[in-house]
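Notes follow the structure.
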């Protein structure tokens, strides 16, 4: 079943604490689109920058998984330390397969660990605190992403590095989080997948190192496609300028790959944020010089 009007979205804070007003604004947006919203009390906790301890975060996640009235679990916000909760989550909990997971940035850790450990399905998409930053049209597109059986995300503002068309499972998220999950046992088996990446506020030299590690550890040579979203507010502030542009770096690390590769798809740390499914086997990526299409069946319909 897809998410639908009347479903209840449960909110917990897997990462940093956030402003109560931003959560309330996001709650009103979801309610105005027909959803019920339950805010877990854990969202009010504070431990330094974090929304409570790792144990409290995992317990809140379990509460939402075990509550039969909750149809979807959404992150309150991103930030830091979602990774620390992964060993405290019961990945054998059967309920995780019946709940949609939604979030991005630091929540990349939970989305990909859930996909790998439990076969969880979800969306790399805005958390509740991000929704107030989006326009009415952008919110409409996001809601359509999480409620439609079939969806096509099309952009004419992309840059094709390799043209082509492929159908494969998809995974990905924020580059720094995926890089930190290598070798931990929480990253999915990426062979035969389409990989999507984005990030923000990173030095271009760090992006270069992270892509080098991913390229060799996954490796890129076993992927079916590569999608790069927004890399907002990335910079070159070293004592000695790095000099290489983001495009320079991506081209170097993808050289020789005979798969569709595209830059500039509309997802990531920006207001124009189309939700990307994780856990769907039927995703088709079509890259041409004039446009890029990413079409998918809802995870429940994938076969």
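Quick one: Debye curve from the alpha-carbon atoms of the stretch 100-161 only, equal weights, vacuum; give me log10 I(q)/I(0) at q = 0.21, 0.23, 0.27 Å⁻¹ to two decimals. Relative scattering, expressed as log10 I(q)/I(0), comes to -0.99, -1.07, -1.14.
Between residue 69 and residue 156, the modelled label-to-label distance comes to 4.7 nm, taking each label 7 Å out from Cα in the direction of the beta carbon.
For the chain, what proportion of DSSP beta bridges, expressed in % and rounded to the nearest 5, is antiparallel?
Around 45 percent antiparallel, to the nearest 5.
The length gained on full extension between residue 80 and residue 289, counted as 0.36 nm times the residue separation minus their Cα-Cα distance, comes to 71.5 nm.
Annotation for residue 93 and residue 235: the two label points, set 7 Å from Cα along the Cα-Cβ direction, are 3.9 nm apart. What would the Debye equation give as log₁₀ I(q)/I(0) for the stretch 151-301 at q = 0.13, 0.15 Å⁻¹, counting only Cα atoms as equal point scatterers? Values returned for q = 0.13, 0.15 Å⁻¹ are -0.55, -0.75. Quarter the surface of the alpha carbon convex hull of the stretch 37-117 and you get the mean projected area, 4.8 square nanometres.
Estimated from helical segments only, the mean residue ellipticity of the chain at 222 nm is -8000 deg cm²/dmol, where each DSSP H run of four or more residues counts as -39500 (n - 2.57). Using a Förster radius of 30 Å, what is the FRET efficiency between residue 163 and residue 191 based on their Cβ-Cβ separation? Nearest 0.05, please. Rounded to the nearest 0.05, the efficiency is 0.85.
For the chain, the longest principal axis of the C-alpha atoms and the axis of helix 54-66 are separated by about 70°.
Against the empirical 2.2 N^0.38 Å (N residues), the stretch 122-216 has a Cα radius of gyration ratio of 1.26. Out of (i) 23.6, 74; (ii) 18.2, 56; (iii) 27.1, 110, which label holds the value of Rg and Dmax of the Cα atoms in Å that was computed here? Only one option fits the structure, namely (ii).
Rounded to two decimals, the Cα radius of gyration of the stretch 8-148 over 2.2 N^0.38 Å is 0.95.
The angle between the Cα long axis of helix 108-118 and the main principal axis of the chain comes to about 80°, on a 0 to 90 degree scale. In this calculation the C-beta distance from residue 271 to residue 20 is compared with R0 = 22 Å, giving a FRET efficiency of 0.50.
Read the figures in this text as sums done on the coordinates, not as results from a lab. The structure presented is a predicted model; accordingly, all values stated were derived computationally and were not measured. A quick note on method: Cβ atoms are made from the backbone with ideal geometry, for glycine too, and the neighbour counts reach across all protein chains shown.
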